[in-house]
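The values are calculated or read from the model by the stated rules, or taken from the named source; none is laboratory data. All values derive from a computational prediction rather than experimental measurement. Glycine gets a Cβ as well: all are built from the backbone with ideal geometry, and neighbour counts include every protein chain shown. For the accessible areas, the whole protein counts, side chains as well, though only heavy atoms, and no ligand, DNA or RNA atoms are used. Shrake-Rupley method; radii C 1.70, N 1.55, O 1.52, S 1.80 Å.
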Amino acid sequence: MPDLISALQLSAPEAALAVGGLVLLMVGAFAGEKSARAVSVLSVLLLLGATALAVTGPLGQAFNGAYVADPLAVYGKTLIFLSSAVAVVLGDGWMKRARIARFEYPVLIVLASAGMGMMASSGDLISLYVGIELHSLALYVLAAFHRDDLKASEAGLKYFVLGALSSGLLLYGASLIYGFAGSMRFEDIATYAATNPSTGLVFGLVFLICGLAFKVSAAPFHMWTPDVYEGAPTPVVALFATAPKVAAMVLIARTLEGAFAGSHDQWAQVLILISLISFVVGAFGGLAQRDLQRLLAYSSIANIGYALLGIAAGTTLGVQSMLLFMTLYVIDQFGFFAILLSLGRNGRPIRTIADFAGLRKERPVTTLALTVLCLSVLGMPPLSGFWGKWAVFGAAADAGYWMVGAAGLIASVVAGFYYLRIIKLMWFDPAPDQAGTDWAPIEAKTIAWACAAFAFPLVIIGLTWLEPLTVAAAVGFGAG
């Protein structure tokens, strides 16, 4: 009994989200659709509560090592739960305005957050798979949440089918690893891999990496990303672009640096290849895009390539740089999507790049905010995106992968074309005739301006406390 109590204390954030999500589901089921707003508010409070439990809770292992609560998990969960709360806030108003408000939306995000928390704390192959599937099943439904929209239904179907394929790759890799190592626990796998390197174990690791790469939409496992980003509701895409990617990146770091630390030379080659392909696909694929959400999909593919460079370094500095990059990336992404959710012309949302033409005359503050965010994602110093890329490129160069970092810099220059094109349209092109912008929702506008303000100039102050937190998380994990 004491062991069970200790395990429940360690896993309190996920337990609270799972139980709370089921309670909110019952509230919505009995109260009906009129409870959508109340369920959203309660979901935000529940996610904030789970964040507090993660930050203040004890550290250690539970369930025979299947669950790990360490500084890396705490940092990852904090970012995941806060991102999910922001996604609930952005979606609540948008769903109501689109007349598709349902109480299931925040409940699905809460349940997905429980799975993402499990991913961040996975200590063996079983908890890894349970966490991935728990959050994926909720995300499949969210992608097709707008049931009357054919594109949304198509997005949900594509995400589900390709997600099943990636799960098959992941399970096959996990079964090979278990077959050779004789254990599911990362600690036991690390011990076996250090003393008994084998081709079969490397094959299992490669399949496992391929399955995980799908979850972060890294090329060449990105095929679902542009279509899902284009078809899913905008606030759902804002969630896809943030919290699940953080959870998957933490899981990749925990799996590779924990279970296969002695096989760094083997898996680093795979990650570097995936990073290089992601640079090319993300930078050049975005050049031909006209839909904003498809453009952001290709941008996310390239940015995940940058984040993977940090993990490929195989050092504490690499893990720390990945955490810093992902934190700054999440803030920039929420700023972008909040601006999309705050803009509309004649009752329809802004979806194409051409819709930004002449925006400075009607929304000067929003135009300035979007300009800052574009330059930040581009990596222009001294904005936040620059410091994120500086960190991962520095970690890669420190590990001897400076040529790969140089390729990332070239990809950033290519990607600069479509960000600068947006800036040019807003500031210098004339607005469409008789096309005024609609009233901006207060929650979306506030989040957009706050994210832009953090991108610059608040990032200068924010780095003074953000960098020590990422260092503590990486050192506490013990990578390198």
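Would a scan of segment 432-443 turn up a residue that is open to solvent by 30 Å² or more (accessible area, probe 1.4 Å), outside any helix (DSSP H, G or I) and under 30 Å from Ala259 (Cβ atoms)? Give the steps one after another, and end with the answer.
Keep residues of segment 432-443 that are open to solvent by 30 Å² or more (accessible area, probe 1.4 Å), which gives 432-434, 436-439, 442-443.
Next, only the ones that are outside any helix (DSSP H, G or I) stay: 432-434, 436-439.
Within this subset, residues satisfying the condition of being under 30 Å from Ala259 (Cβ atoms) are none.
No: segment 432-443 contains no residue that is open to solvent by 30 Å² or more (accessible area, probe 1.4 Å), outside any helix (DSSP H, G or I) and under 30 Å from Ala259 (Cβ atoms).
Within segment 364-375, residues that are more than 12 Å from Gly416 (Cα to Cα) and free of Cβ contacts under 8 Å to residues at least 60 places away in the same chain reach partners that are surrounded by fewer than 22 Cβ atoms within 10 Å (Cβ to Cβ) and of a type in the set (A, V, I, L, M) with beta carbons closer than 6 Å, at six or more positions or on different chains, in the pairs Thr371/Ile423. Kindly indicate whether Val86 is within 16 Å of the chain's Cα centre (by Cα), in contact (Cβ under 8 Å) with a residue 24 or more places away in the chain and open to solvent by 40 Å² or more (accessible area, probe 1.4 Å). Taking the combined requirement at face value, the residue satisfies it.
Among the residues of segment 112-135, is any under 21 Å from Leu22 (Cα atoms), β-branched (Val, Ile, Thr) and in a helix (DSSP H, G or I)? Steps first, please.
Narrowing segment 112-135 to residues under 21 Å from Leu22 (Cα atoms): 112-119, 127, 130-135.
Applying the additional criterion that residues be β-branched (Val, Ile, Thr) yields 130, 132.
Right, trim to in a helix (DSSP H, G or I) and you get 130, 132.
For segment 112-135, residues under 21 Å from Leu22 (Cα atoms), β-branched (Val, Ile, Thr) and in a helix (DSSP H, G or I): present.
Taking first residues from segment 449-461 that are part of a helix (DSSP H, G or I) and partners that are buried (at least 21 other Cβ atoms within 10 Å of the Cβ) and polar (S, T, N, Q), the Cβ contacts under 6 Å between residues at least 6 apart in sequence or on separate chains come to Ala455/Ser376; Ala455/Ser384; Val459/Ser384. Among the residues of segment 367-376, the ones that are out of contact with any helix residue (DSSP H, G or I) (no Cβ under 6 Å at 6 or more places or on another chain) and surrounded by 19 or more Cβ atoms within 10 Å (Cβ to Cβ) come to 1 in all.
Counting only helices (runs of 4 or more DSSP H) that fall entirely inside segment 173-282 and contain at least 3 residues that are more than 27 Å from Asp92 (Cβ to Cβ) and in contact (Cβ under 8 Å) with a residue 24 or more places away in the chain, the qualifying elements are 186-195, 199-215, 243-254. Remark: Leu341 matches the filter, which requires a residue to be assigned to a helix (DSSP H, G or I) and over 30 Å from Ala391 (Cα atoms).
Scanning segment 99-124 for residues that are out of contact with any Leu (no Cβ under 6 Å at 6 or more places or on another chain) and open to solvent by 10 Å² or more (accessible area, probe 1.4 Å) returns Arg99, Ile100, Ala101, Arg102, Phe103, Glu104, Leu111, Met118, Asp124. A count restricted to segment 309-326 and to residues that are assigned to a helix (DSSP H, G or I) and either basic (Lys, Arg) or surrounded by fewer than 24 Cβ atoms within 10 Å (Cβ to Cβ) (or both) stands at 2. Of all the residues in segment 136-160, those that are within 21 Å of Gln293 (Cα to Cα), open to solvent by 20 Å² or more (accessible area, probe 1.4 Å), part of a helix (DSSP H, G or I) and among the hydrophobic types (A, V, I, L, M, F, W, C) number 4.
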